[in-house]
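Undergrad: Got a structure for you, questions after.
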Amino acid sequence: MDWGGKQHIAPGLGDVVDNMIITDDFSGGRFVFPSKDKTAATVLRAFKRQEAAQVAVNGARVTRIRLDGEYDSEEINAGCAENTVHPRFCPPHKPQSNGRA
């Protein structure tokens with residue numbers, strides 16, 4: 001899971017979003033979720049949407065997730081534990097350590 005650059009969704013109106021990018025290591029597929037913030041709740045919401053779509057398509061559940069270290073929080077760890085997902089945190093602001101994301 002990683003973040004793309006800021007994007008203006010309504011030029012001149014000041015609405016700016018960041019793009020959360022989820023990359024599936026198995027298929028290489030990339031899924032983009034526009035978001036107005038980078039909170040742990042937003043990350044978990046996007047993850048749950050993506051996992052639900054994946055389960056619907058191929059029946060496979062997510063077992064591991066790779067995130068920037070800035071998301072190493074109680075909220076993220078609890079959300080991962082609730083979904084039996086093992087998080088791996090990469091050093092923040094070091095994109096080269098984030099693998100495919």
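Undergrad: Spot the failing condition for ILE76; the list is (1) touching a strand residue (DSSP E or B) at 6+ places or on another chain (Cβ under 7 Å); (2) free of Cβ contacts under 8 Å to residues at least 40 places away in the same chain; (3) not in a helix (DSSP H, G or I), and only one is missed.
TA: With (1) touching a strand residue (DSSP E or B) at 6+ places or on another chain (Cβ under 7 Å); (2) free of Cβ contacts under 8 Å to residues at least 40 places away in the same chain; (3) not in a helix (DSSP H, G or I) applied to ILE76, the lone miss is (3).
Undergrad: Could you list all residues from the range 21-61 that are within 10 Å of the chain's Cα centre (by Cα), exposed (fewer than 15 other Cβ atoms within 10 Å of the Cβ) and over 19 Å from PRO87 (Cα atoms)?
TA: Across the range 21-61, the qualifying residue is only VAL32.
Undergrad: Could you tell me whether the range 63-84 includes any residue that is among the aliphatic types (A, V, I, L, M), touching a Ser or Thr at 6+ places or on another chain (Cβ under 8 Å), at pLDDT 85 or above and surrounded by 15 or more Cβ atoms within 10 Å (Cβ to Cβ)?
TA: No, because not a single residue in the range 63-84 is among the aliphatic types (A, V, I, L, M), touching a Ser or Thr at 6+ places or on another chain (Cβ under 8 Å), at pLDDT 85 or above and surrounded by 15 or more Cβ atoms within 10 Å (Cβ to Cβ).
The values are calculated or read from the model by the stated rules, or taken from the named source; none is laboratory data. Worth saying up front: this structure is predicted, and the values here are computed from it rather than measured. As a convention, Cβ positions derive from the backbone with ideal geometry for all residues, glycine included, and neighbour counts pool all protein chains shown.
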